[in-house]
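One structure below.
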Amino acid sequence: MRIGELATRTGVSVRALRYYEEQGLLASERSESGQRHYPDEAASRVRLIQQLYAAGISSASILEMLPCVVTGVASPQVLAKLREHRSSVIQQIESLQDTLQQLDSVMAGAVKSHESGVPCPPG
């Protein structure tokens, strides 16, 4: 598939896909006219890259761990980094759960205020 189709399938900009290639995270083959062509499995790789970026993992760390995804084999050093990233993701999840509880609490209070006719102050 061409870069525009990959961008559409994944919701990632063409610019980001080019950046992934520059970083060695994604590979394409070039046609005679220079157009990039990606294999079908590139879409799942882009989604994984996006998930790892969203977790705060750097391009360099992603580049290190991508071969593990393909082969299922990781060196002790890479495993240690994976454990660190996993711990960080767990902390992010816990923080987001706390935020969710706070939002639920505020919303519950707002509903009670609305039902009693007392508006919440703006902003």
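Here are a few things to note about the model shown:
- Residue match in the range 15-33 (condition: part of a loop (DSSP other than H, G, I, E, B) and either assigned by TED's automatic domain parsing to the domain that holds Ala80 or touching a strand residue (DSSP E or B) at 6+ places or on another chain (Cβ under 9 Å) (or both)): yes
- Checked against the criterion of being surrounded by 11 or more Cβ atoms within 10 Å (Cβ to Cβ) and at pLDDT below 85, the range 90-109 has at least one qualifying residue.
- Residue count for the range 38-88, restricted to those that are surrounded by fewer than 16 Cβ atoms within 10 Å (Cβ to Cβ) and of a type in the set (Val, Ile, Thr): 5.
- Matching residues in the range 49-68 - criterion: being over 22 Å from Glu94 (Cβ atoms) and touching a helix residue (DSSP H, G or I) at 6+ places or on another chain (Cβ under 7 Å): Ile49, Ile62, Glu64, Met65, Cys68
The values are calculated or read from the model by the stated rules, or taken from the named source; none is laboratory data. Given the structure is predicted, the values throughout are model-derived calculations rather than measurements. Note that we place each Cβ from the backbone using ideal geometry, even for glycine, and neighbour counts take in every protein chain shown.
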